[in-house]
Amino acid sequence: MKSWLFPSAGRKSWSGEPPFWAADALTWPWMAAQQPDRERIENNFEGYVQGAYKSNGVVFACIDRRQQVFSQARFQWRNFRNGRPGDLFGSQELALLEQPWPNGTTGELLSHMESDASLAGQFYCTKVDERGGIGRSATGPGVRIARMRPDWTSLIIDAPSGNPFNLDARVVAFLYEPMAAVPMGGRSEPVTLLPDEVCHYSPKPDPMARFRGMSWLTPVLQEVMADKAATRHKLKFFDNGATPNMAIKFDKDTRPEAFELFVQKFNDAHRGADNAYKTMFLAGGADVTPLSMDFKQMDFKVTQGAGENRLAVAAGVPAAILGISEGLQGSSLNAGNFSAARRLFVDSTMRDLWAKAAASLAALVTAPSGARLWYDDRDIPFLREDEKDAAEILFLQAQTLRQWTDAGYEPDSAIAALQARDPGLLRHSGLFSVQLQPPADASAMPTLGEPIISPNGSGPTPASMNGAMNGR
């Protein structure tokens with residue numbers, strides 16, 4: 001079997017997994033075919049960038065809103081004890097993520113991760129240094145993170161059986177082929193990197209592949225094209241005078257020269273938004289008949305708003321958070337509903353992306369023993385309302401812990417049971433609260449003037465007498 005990546009090489013066990021848009025072009029050939037009646041989106045990375053991200057306001061807003069929250073997280077180490085997460089702490093090893101390149105920040109790194117993952121399905125990066133070291137060999141001065149453009153990066157798959165579709169297939173390398181510096185010069189010499197030298201972040205797995213991700217834009221490309229078509233339709237409406245389409249009838253004896261002259265003068269005087277609402281003067285025999293409804297009756301808000309909402313759903317951003325028309329009406333902006341939408345966005349979209357980003361970036365740093373790379377969201381303003389909920393939960397947990405310890409359970413077992421939510425882990429100390437003890441027998445208590453004999457046989461002291469009386 002020849003290699004997909006190097007057909008002329010004749011390798012039998014190596015192949016490159018194609019990007020998701022290459023497979024989609026075979027599945028939906030209409031996406032790559034010429035369609036003169038619509039503005040198509042090229043089925044590749046540049047097509048997604050130029051045809052969707054840079055030319056559609058809703059797509060840009062979806063990615064931008066995800067970036068705004070996603071990029072505010074920081075990275076810390078997290079201890080794990082007996083499989084349970086512990087405290088967050090920092091170390092010098094995290095400096096690479098805190099300043100990924102000169103004058104760079106963690107937020108900029110996360111912004112690149114989000115944009116590449118949204119538009120290409122995956123984000124790649126590795127380490128480089130000033131001496132030319134790449135990946136594992138980047139140990140010299142000036143170590144920094146270098147982004148690998150996703151459409152120039154390929155996953156190399158090897159299978160001992162020789163078939164990259166078998167169960168024994170695995171990713172053995174990443175091939176980076178940047179464009180040559182000389183115009184029209186093709187690709188530069190490829191760079192091969194091992195899996196542990198590359199951060200591969202692909203939050204949305206492609207169901208047609210085992211190792212690569214998929215852009216969330218792929219299922220809604222038709223919605224993007226429909227939204228752009230509706231926008232162009234509105235623009236044409238204003239270009240043609242911000243009035244409905246109309247037909248002008250002339251007398252059957254009108255000469256062609258007079259007809260063409262009238263059309264030219266009419267367009268000059270009435271076409272375009274600057275000429276809208278002018279009074280129309282018609283010569284003898286001309287009759288105007290409207291062919292369509294006015295702008296309000298065409299109801300673009302409903303038509304285009306439904307498409308915008310589907311884009312927001314695909315991006316995992318609630319309409320109220322995105323600020324589109326579907327999220328700015330009715331009860332969507334009520335305090336409780338907006339808070340629920342914000343919590344849904346954070347818990348279902350952002351925390352999922354943060355956790356996957358931390359696991360991916362772990363390939364670039366060395367973790368301390370017993371710790372894993374994790375995200376720190378404690379300083380994100382968007383999550384401040386969650387702090388109140390967290391404080392209430394902590395208060396209830398403290399009350400539960402107090403009740404268990406007052407009942408005589410060992411404090412360590414009470415904490416373990418609270419964390420695991422399993423009362424079966426509680427261990428009793430054998431000691432009970434004073435309220436559970438029977439009342440003391442008054443006849444057994446010493447009376448005033450009666451000597452108290454200590455266990456060692458010595459007589460009482462004034463301090464012991466006072467203590468006995470106070471204890472009584």
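We did not get these values from a lab; they are worked out from the coordinates using the rules stated. As the structure is a computational prediction, the values presented were derived from the model and not from experiment. We place every Cβ from the backbone using ideal geometry, glycine too, and count neighbours over all the protein chains shown.
Take each peptide in 221-230, 405-414, count the other Cβ atoms within 10 Å of every residue, and average; sorted highest first, the result is 221-230, 405-414.
Under 10 Å from the Cβ of TYR124, count the other residues' Cβ atoms, weight Lys and Arg +1, Asp and Glu -1, and hand me the total. Local charge sum for TYR124: +1.
Across the range 193-205, coupling constants 3J(HN,Hα) worked out from phi with the 6.51/-1.76/1.60 Karplus curve, θ = phi - 60°, read 10, 7, x, 7, 9, 10, 8, 10, 10, 9, x, 10, x Hz, and Gly and Pro carry x. In the structure shown, the pairs LYS54/LYS265; LYS228/LYS249; LYS54/LYS234; LYS127/LYS228; LYS228/LYS356; LYS204/LYS234 are assessed against 29 Å; a Cα-Cα span above that value is assigned to LYS54/LYS265; LYS228/LYS249; LYS127/LYS228; LYS228/LYS356; LYS204/LYS234.
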